[in-house]
Structures are given as C-alpha cells and as structure tokens.
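This report concerns only the one structure given below.
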Amino acid sequence: MTKNEIKNLHQQYLHTLTREKRIVRFFQLLIFILFFLFWELASRQQWIDPLIFSSPTKIWNMFIQKSIDGSLAANIGITVTETILGFLAGTILGTMLAALLWWSPILSKILDPFLVILNAMPKVALGPILIVAIGANMTSIVAMGTLVSVIITTIVVFTSFKEVDPNYIKVLQIFGGTRTQCFKEAILPASFPTIISTLKVNVGLSWVGVIVGEFLTSSRGLGYMIIYGFQVFDFTLVFLSLLVIAVFATIMYQLVELLEKKIIQD
Amino acid sequence: MDFLTVKDLHHTYFTRTSATIALSDITLDVKEGEFVSFLGPSGCGKTTLLSIIAGLIEPTGGSVLLENKPIKTSQNDIGYMLQQDYLFPWKTIEENIQLGLKINGNLTNAKKEEASNLLKQMGLHHVEASYPKQLSGGMRQRVALVRTLATEPKLLMLDEPFSALDFQTKLKLEDHVSNTLKTFNKTAILVTHDIGEAIAMSDRIILFSPSPGRVHKTFIVPEELKTLPPFKARNHPLYTELFQNIWKELECIDEE
C-alpha cells in the first residue's frame, strides 16, 4: 500500500468520524426543538392544562420581564453562590475528614458505624433543625448544601485512600518517609481522580441541599421562586426556575469536567 | 566484622485463626561489596526476610545488625527495589529519581546532578521530563534502580526485580545492574526463584526451604563465574554444573 493510499484511507476515516458527530448533534438539536414545539402546541390546543404546565412562550415572556426588573439575576446570584459554597465546603471538609480517618486507623474503626448511620440519614430532613439553630439565612442554606455532600465525600475519598497500592507507601517508608510524607507524596495524588469524580456527584448533591434549604426558609433564591410559584399557583414561575436551575447545574458540571481534564492529563 | 549480620531470626505472622511461622532460626551474614542471592521456592519467607532487614517489619525474635548497629529506615542505609518498578505515575522521571532525596531532605543541586548522571549511565537520555507510562518496562525498572541508588544506600536489596520483564529485557538488565553495582562497589541481596539468575549475578547463593522458611544450604559461586558479566556467565561450563547441583537440592527440598 502506498503512502498516498494510506493517507486517503485516513481521510476517509476522519470523514466518517465527522459525519457521525454531525448526525448525533443534529438529532440532539431536533429532540430539543421538538420538545419545546410540542410543549407549546399541546398547551395552546389544551391537550395539557396550560395553568399547570404553562408554555415555552409564557416562560420566555416571564424570563424577559424578570430579567428587566433584575429580580431573576438577583435570585440566580444568591442560589449559585450558596451552591458553590456548599459544594466547596462539602468537598473540602469531606476530604479533610477522610484524611483524618486515614491518619488514625483506630479512629476510623470507632467512627465507622456513625458514618454509616449519617450516610443512610436523609440529610434534608435535618433542614428544619438547621434553620432553627442557625437562623433562616444564607448560612443555614449553605450548611444544607454542605451537609448533603460531606458524608458521602468522606466515605468515597477514604475508600480510595485505603485502596492506594501499599507498595507506593513501602517505597516511601524505605526512604524513611513519615506518615505526612506518605500522605502528601502518594495517598493524595493517587486519589485525585476519585476526588474529582466526587466533585461531579457533589455538584448535583449541593443543588439538592440548597434548593431544599430555600424551600424551607422561603425568602430568596431559585428554590424560593419555585415554592412561591407553587403557593400562588403560578407554574410559569416554577418552570422558569427549573429551566434556569438546569442551565446553571449543567454549567457547573461542565466546569468540573474541564477541571478534571486539566488535572488528570491522561 | 561482617557488614550485615542476621542472628537467630524468627518471624511469625498472626491472624485471628492462626499463627504462621514465616521464618525460623535464620542466621546469616553478608560481607561488604558482596552480592548474595536468596533462592528458594515461593512461601519460604524471602520477601519477609527482606522486609525485616529493611526495617519495615519488626521480627518476633532475633536481631539484624548493619555495621553492628540496628536497622533504622530513617538513616537510609538500605535501598530496596521491588518486583515492579512502582514509579509514581503522576511524577516525571526526574521527580521520581529525586524522590528519596526529597523525602530525607537531601535535595541539593549536587545530588540532583548525580542522580541525572546516573540516569545517563543507565543509558537513559532525555527522559527526565517524561512520565513513567511513556517508558518501556525495562526502562522503568532502570529508572527505579536509579531512584534507589540516588540516596547512596550501603546495602541494596532486590526483590525479584526482573520477574515482571520479558526474557530478553531481563538478560540485558541483569548485565546492566551487575555492572552498575560492581562500579559502585555496592553490597547487594537479590531475592529470586530463578536459579540461572542467581548463579549468573551473585557471589554466594543461600538456598531457603519453605514452611517454615529457613536456610537450607549455601553455595559459593566459583571465581571464574563471579568475574564474568551475567550473560557470559550463563554460557560457562561451570554455570551448568552449579545449576545441576542447585536443581538437585531443590528437588530434595520438594520431596521433604
């Protein structure tokens, strides 16, 4: 086979790849457009109750109106800030707790059943207690966002610490490495992929915690918009909030993926 | 006085349901500059013995003295090469070979220079910035040797370091390691279950028998073989003779 022929075949191969990608993108877009078109149509033809299911145009109009009066941006700002704080606190605290458990095997044995109980507990059920204890403010909502993700982070990261090949530790111990050095040089970097993947899970969990927290405090944020819309039977407002949440949750998830690509160069 | 002395060493592993005697009554010594092989079937406690000598496991009885002093890992007297290279995949080759120096706070420019010269002597050029996964198995094991030698250990222990490599790479690396150790006049202990490797590389072979692990017999490698590089030693008539002797001993152990 000559060089030219191979080059041609390679070109063909690349061509099929781009074609496939185009087909995938086309159908994704099609589903997206059809979904909203059908929604609009169904609502106008009264196939679904427009009072409950609203319609894309109504949501869009409300989006424009709320964007102009600035209330949407303010609520988004509050919720996104709370989510990011809760997400960071959950991940960092969880990783630190995992480090502590790794540090002291006896402590990890003692705490094991409590971790299992805390993990099994539905954390959002603690919401009312948090609000009474901390107050109906941003702190208690961030605490909710943290609480939802911290235990699972601890468990997952601690498991990955334990699963690091002990021979790496052996190498360091022969060089006279201390436990701190073992942690810094082997345990932590070997667990980075796991920590990043818990970040992805925590993005979702923090949203849950924050939205539920806002349901309960009912003063500001996207969760408040949902609960308010529900109470005054304005489901256009509910759907608007849901769509905004979908967009921002996706953006956060994508950012974490970007971070993952940057840190893990495989 | 001997360089390394192991005296009346016992070691027992405990589990909830059993106590297994891994080593029983081990007494041996290694002279400075000597290359000794520990040969024996699996389950004869060779790796346990190395871990005890390295100070990683506290033996249940007996003593290990290096230059008349008890072993401490913090003094970096011992270098230990594992079955696989265990290079840290998230570190570059340069960071990997400097790991030992970094751990014990000896990371000076002179030492860095030495380590990278050692890398070149091992025939590894322009790999400092690479990551371990970009290197072949043989190259990685050479990097691991450089990492071990960089801290200038007095005693080098090799725990089947060639067992994970293909045969050709293994033969080449044997020559390389043997040559390097001779150049630096290092004392070394090689653990292996490969009779040929033991004969080709060492000055003395200590044969272990299993359950519990104990010293069965010691073979002295003839002068003619000691001076030859491993690859040439394998073709020497005396090599075959010694091989047969050791083989017979191993058969005896099997029958027991």
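Laboratory data are not the source of any read-out in this text; all were calculated from the coordinates shown. Fair warning: this is a prediction, and the values are worked out from it, not measured in the lab. Glycine also receives a Cβ, built like all others from the backbone with ideal geometry; neighbour counts cover every protein chain displayed.
Some notes on this structure:
- For chain B, the alpha-carbon radius of gyration amounts to 1.02 times the rule-of-thumb value 2.2 N^0.38 Å expected for a compact globular protein.
- Footprinting exposure proxy for B:142, B:234 (fewest neighbouring C-beta atoms within 10 Å first): B:234, B:142
- Convex hull volume per residue in cubic angstrom - Cα atoms of the range B:176-233: 81 Å³
- Among A:83-94, A:202-213, the order from most to least packed when residues are scored by Cβ within 10 Å on average: A:202-213, A:83-94
- Shape of the range A:82-130, Cα gyration tensor, a/c cut at 1.5: oblate
- Shielding score for B:80-87, defined as the mean number of other chain Cβ atoms within 10 Å: 3
- Alpha-carbon spread of the range B:81-120, three principal axes, descending order, Å: 29, 23, 19
- For the range A:57-263, the spread of Cα coordinates along the three principal axes comes to 68, 38, 21 Å, biggest extent given first.
- Per-selection Kirkwood Rh - the range A:3-48 (Cα, Å, 1 d.p.): 13.3 Å
- Residues A:66, B:69, ranked from the fewest to the most other C-beta atoms within 10 Å, line up as B:69, A:66.
- Temperature 37 °C, viscosity 0.692 mPa s: under these conditions the Stokes-Einstein estimate for the protein assembly as shown, based on its Kirkwood radius over C-alpha pairs, is 115 µm² per second.
- Among B:116, A:67, sorting on how many other beta-carbon atoms sit within 10 Å of each Cβ, with the fewest leading, yields A:67, B:116.
- Farthest toward positive dipole pole in the protein assembly as shown [+1 Lys/Arg, -1 Asp/Glu at C-beta], among A:54, B:89, B:143: A:54
- For the range B:42-106, alpha-carbon Rg over 2.2 N^0.38 Å: 1.33
- Residue-averaged [θ]222 nm for chain B, counting only DSSP H segments that reach four residues, each worth -39500 (n - 2.57): -11000 deg cm²/dmol
- Leading residue at positive end of dipole, the range A:57-263 (Cβ point charges), from A:130, A:176, A:258: A:176
- Span from the the range B:98-154 Cα centroid across to the the range A:85-163 one, whole angstrom: 41 Å
- Beyond 19 Å, the tail of the calculated P(r) for the range B:88-152 holds 19 percent of the Cα pairs.
- Mean projection of the Cα convex hull over all viewing directions, computed for the range A:143-200: 4.2 nm².
- Ranked by the mean number of other Cβ atoms within 10 Å of their residues, highest first, the peptides A:123-130, B:98-105 fall in the order B:98-105, A:123-130.
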